[in-house]
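The structure appears below as structure tokens.
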């Protein structure tokens with residue numbers, strides 16, 4: 001059974017290898033908000049008050065066996081974006097959030113080369129935060145509480161990790 005599960009996960013990754021795309025993380029210090037997108041051209045290296053934190057992880061651009069959509073919602077009252085794989089959680093919209101789009105697709109279950117995509121929430125700022133590293137938010141970003149493992153993604157390489165670290169340092173310096 002373990003071999004079958006491992007083989008299925010491996011086939012999922014091989015079959016979807018060419019459909020991988022980068023999920024970029026942006027931060028807006030004026031608004032105290034994070035934003036995630038696969039469209040680099042949306043804010044590029046930074047625009048309209050948004051600063052590129054760097055690549056967050058690799059995700060998939062289409063539905064495939066073992067993948068689930070990552071839904072993006074927006075609350076215009078608070079300026080917050082919320083991400084979930086559970087459409088039933090907010091449906092077309094609830095609690096001030098409006099459904100925007102399927103941001104991308106991520107793996108539902110752990111597998112080879114995959115790491116958890118972790119969700120955090122800061123009650124005082126109302127910001128939702130996603131990361132692949134528990135160490136990133138650890139003691140450095142106060143006020144954030146772990147809420148869930150959203151799904152599983154492919155980690156980025158070391159150069160991208162350094163870019164994300166610069167973004168984290170920027171965040172810390174501005175909070």
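The values are calculated or read from the model by the stated rules, or taken from the named source; none is laboratory data. Bear in mind that the values here come from a model prediction, so they are computed numbers and not experimental data. Backbone-built Cβ (ideal geometry, glycine too); neighbour counts: all protein chains shown.
For the structure I just gave you, tell me whether residue 36 is in contact with a strand residue (DSSP E or B) (Cβ under 6 Å, 6 or more places away or on another chain), buried (at least 16 other Cβ atoms within 10 Å of the Cβ) and either under 17 Å from residue 152 (Cβ atoms) or modelled with pLDDT of 90 or more (or both).
yes
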task: Return the total of residues in the range 47-62 being in a strand (DSSP E or B) and in contact with a strand residue (DSSP E or B) (Cβ under 6 Å, 6 or more places away or on another chain).
output: 10
The one condition in (1) more than 15 Å from residue 150 (Cα to Cα); (2) touching a residue at least 60 places away in the same chain (Cβ under 8 Å); (3) buried (at least 20 other Cβ atoms within 10 Å of the Cβ) that residue 125 fails to fulfil: (3)
- request: Pull up the range 61-79, narrow it to residues that are more than 11 Å from residue 102 (Cα to Cα) and touching a helix residue (DSSP H, G or I) at 6+ places or on another chain (Cβ under 8 Å), then point me to the one that is modelled with the highest pLDDT.
  value: 67
statement: Exception for residue 87 within (1) modelled with pLDDT under 90; (2) within 20 Å of residue 144 (Cβ to Cβ) falls at (2)
message: Could you tell me how many of the residues in the range 131-156 are within 13 Å of residue 115 (Cα to Cα) and either modelled with pLDDT of 90 or more or exposed (fewer than 13 other Cβ atoms within 10 Å of the Cβ) (or both)?
response: 11
task: Only residues that are assigned to a loop (DSSP other than H, G, I, E, B) and under 12 Å from the mean Cα position of the chain (by Cα): list them for the range 68-125, please.
output: 85
